[in-house]
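The structure under discussion appears below in the form of structure tokens.
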Amino acid sequence: MTGAGGAVLAVDAGPNPWFSSSWVVDNWSVIMPLLEQHVRLTLVSVAIGTLLAFPLTLLARRSRYLAAPVLGLSTLIYTIPSLAMFAFLSPYTGLTERTVIVGLVLYSLVVLVRNFLAGLQAVPDEVREAARGMGYGSARLLFTVEVPLALPSIIAGLRIATVSTIALVTVGVLVGQGGLGQIIIVNGFSANYYRPPIVFGTLACVLLALVADQLLALTERVLSPWNRTRAAA
């Protein structure tokens, strides 16, 4: 079977193993830019999602009448299929990374807002009252008392959002900006189900998710040493 211009597809040039180190070596110059794009899309999407989720969380915490619309809207957005989401966004943002980032940010909000809100709501009222009695204002109370105590829930939300975003980046192949998804879909499934890129791309996504998850877990341990002391006790 030949491709465009008569080029022989990799699947026709030899066997179709589950993994091929020679394929990885031969395509390393293509793999690295796609891996970098995957990491970049994940970091940018989660960072923007966090910046949007925090004020939405404070808004939802302020009133139970606001909590339902905020949580409901973020949940509704999460139910939109990625294909429909990208199809809706692409006329405005084009077939660019911006389309993928906007979609991933919207998908991350449901996880981030819910976990941020759960963490802040779990802070004991007596702790807040004690801080106010010591003269803490609203901003100081939030950032020096409530956020540190809510950190386990906040980091848990970031871990879930990051891992799910790493998986969803691959769907960006629909607009030609899918990071490792380009390897899995274009070089694998579209090339008559050639296995090496499918397996490599999948394993790379899993490894990337595991590394990101453990880095965030380590970040929590560094930022909240009192939790380590409590666990040791």
Taking springs between alpha-carbon atoms closer than 10 angstrom, which of Met32, Met85, Met134 fluctuates most in the Gaussian network model of the chain?
Met134
Helix-derived [θ] at 222 nm for the chain: sum -39500 (n - 2.57) over DSSP H runs of at least 4, divide by residue count, nearest 500?
-24000 deg cm²/dmol
Span from the the stretch 77-123 Cα centroid across to the the stretch 139-209 one, whole angstrom:
13 Å
How many percent of the accessible area of the stretch 156-209 is carbon or sulfur, using a 1.4 Å probe?
69 percent
By how many nm would the segment from Leu215 to Tyr78 lengthen if fully extended, with 0.36 nm per residue of separation less the alpha-carbon distance?
46.8 nm
Can you tell me, using C-alpha contacts under 8 Å and at least 6 residues apart, the relative contact order of the stretch 1-143 as a whole percent?
26 percent
For the chain, find the longest principal axis of its Cα atoms and tell me its angle to the long axis of helix 64-78, 0 to 90°, nearest 10.
10 degrees
Full-extension gain in nm, Tyr92 to Gln121, via 0.36 nm per residue minus C-alpha separation:
6.7 nm
Quick note, the chain: a/c under 1.5 would make it rounded; otherwise a/b > b/c is prolate and the rest oblate (a ≥ b ≥ c, C-alpha gyration tensor); here it is prolate
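The values are calculated or read from the model by the stated rules, or taken from the named source; none is laboratory data. These numbers were taken from a predicted model, which means no experiment stands behind them. Note: areas computed on protein heavy atoms with side chains; ligands, DNA, RNA excluded. Shrake-Rupley method; radii C 1.70, N 1.55, O 1.52, S 1.80 Å.
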